[in-house]
Amino acid sequence: MEHLTLNTGAKIPLVGLGTWDLRDETCVSLVSEAIRLGYRLIDTAQMYDNEKEVGQGIAQTNVDRDDLFITTKLDSRSNGYKQALEGISRSLDNLNLDYVDLLLVHEPYSNDLAMYEALSEAYHDGKVKAIGISNYNQKRFEQFLKNVDIIPAVNQVECHLQFQKWVLQQKLKEHGTIMQAWSPLSQGKLGFEKQPEFLQLSEKYKKSPAQIVLRFLTQRGISVIPKTRRIECLEENMSIFDFQLLPEEMNLLKSLDKDTTLFSWTEY
Ligand SMILES: NC(=O)c1ccc[n+]([C@@H]2O[C@H](COP(=O)([O-])OP(=O)(O)OC[C@H]3O[C@@H](n4cnc5c(N)ncnc54)[C@H](OP(=O)(O)O)[C@@H]3O)[C@@H](O)[C@H]2O)c1
């Protein structure tokens with residue numbers, strides 16, 4: 001597994017498992033199976049209502065805690081300093097962990113600065129190894145930076161073929177913030193696997209269309225967290241480091257960018 005280095009000096013895997021929508025025993029077994037297969041990054045959130053199951057999946061494995069990278073996110077229930085401190089304790093309890101590797105403010109909430117103060121405190125206390133944000137566009141990111149002492153290690157945003165976010169990635173990079181892509185496979189909504197560009201690249205590299213997309217994003221230096229319920233796709237989604245797209249192929253995929261969200265709830 002390849003990594004990026006966060007502004008804390010810690011390493012974040014380029015590929016992790018997203019867990020939105022995974023529930024109950026399915027979630028427990030997928031998390032433990034993913035770790036068994038070599039995944040080290042698991043992405044959850046209070047909003048997904050599955051932190052307990054993610055924690056149970058982790059507990060079923062014998063990988064050293066230090067080798068795992070666990071992300072969670074605080075949602076609107078933590079929209080305030082005190083509420084965020086309580087939220088952090090709740091997440092650690094749910095996950096049954098002493099610390100998380102990355103804690104994000106899930107969206108730009110009205111009291112995000114107060115929330116972030118609580119995250120910063122947890123960071124100094126060692127309950128959280130890195131802190132960051134999610135769903136901040138460039139304008140909000142720049143405003144946010146003016147008011148915080150700790151530069152977010154990560155901004156997790158919608159990013160896939162149709163919404164590639166090159167400008168945001170560059171802006172984040174200037175400040176040492178890593179971009180992480182949610183819905184990197186566009187939740188299967190684009191049907192890209194039928195596009196000739198993909199069929200050609202798939203054929204050339206003997207890789208699935210999903211692998212081509214994940215390779216494209218990770219080759220740009222973006223961490224990805226595809227979600228799957230299928231064991232064969234777990235394996236597939238992490239097997240993207242044994243080939244490299246050529247510059248002209250990167251440009252071809254870049255040309256498919258429509259700079260448009262696929263999800264109406266995001267505010268871009
Ligand atoms: N910060 C945020 O606001 C935010 C928002 C949304 C998501 N997220 C995070 O990002 C993660 C990923 O996003 P997502 O779950 O929305 O969408 P996604 O990962 O882009 O797509 C998931 C879909 O792709 C399918 N899939 C996975 N691997 C595949 C493969 N190799 N070939 C073909 N199809 C494949 C899955 O089907 P199967 O399950 O049937 O394999 C599922 O339908 C989430 O789980 C969550 O952790 C964060």
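Please treat every number below as a calculation from the coordinates, not as lab data. Source: prediction; values computed, not measured. We place every Cβ from the backbone using ideal geometry, glycine too, and count neighbours over all the protein chains shown.
Points to keep in mind about this one:
- Global form of the range 184-268, assessed from the alpha-carbon gyration tensor, a/c cut-off 1.5: oblate
- Helix 81-95 axis, angle to the chain major axis (alpha carbon atoms, nearest 10°): 60 degrees
- Cβ-placed point charges (K, R +1; D, E -1), dipole of the range 186-268 about Cα centre in debye, nearest 20: 180 debye
- Placed amide H near N50: partners under 5 Å, 5+ positions off or other chain: A45
- Taking only the Cα atoms of the chain, the ratio Rg/Rh comes out at 0.95, with Rh defined as the Kirkwood radius.
- Estimated vicinal HN-Hα couplings, Hz - the range 190-206 in sequence order (Karplus 6.51, -1.76, 1.60; Gly, Pro = x): 8, x, 5, 5, 9, 6, x, 4, 6, 4, 5, 5, 4, 5, 4, 9, 6
- The range 84-166: equivalent-ellipsoid semi-axes (sqrt of 5 x gyration tensor eigenvalues, Cα, Å): 23, 15, 11
- Table column - 3J(HN,Hα) (Hz), the range 165-182, Karplus curve with 6.51, -1.76, 1.60, x for Gly and Pro: 6, 5, 5, 4, 4, 5, 4, 4, 4, 4, 9, x, 9, 7, 8, 10, 9, 9
- Cα gyration tensor, the range 1-158 - rounded (a/c under 1.5), prolate or oblate: prolate
- Close amide H pairs (under 5 Å, H built 1.01 Å from N) link L4 with I12, L14, residues at least 5 positions away or on another chain.
- Among E25, E53, E158: highest mean-square fluctuation, GNM of the chain, C-alpha pairs under 10 Å: E25
- Annotation: the residues L119, L262, L14, L217, sorted from fewest to most other C-beta atoms within 10 Å of their own C-beta, follow the order L262, L14, L217, L119.
- Reachable lysines from K165, criterion Cα separation under 25 angstrom, eight or more residues apart if same chain: K11, K73, K139, K146, K173, K189, K194, K207, K227, K254, K258
- Neighbour-count ranking [beta-carbon atoms within 10 angstrom, fewest first] of H175, H124, H106: H124, H175, H106
- Between the range 187-243 and the range 66-123, the Cα center-to-center distance that results, in Å: 31 Å
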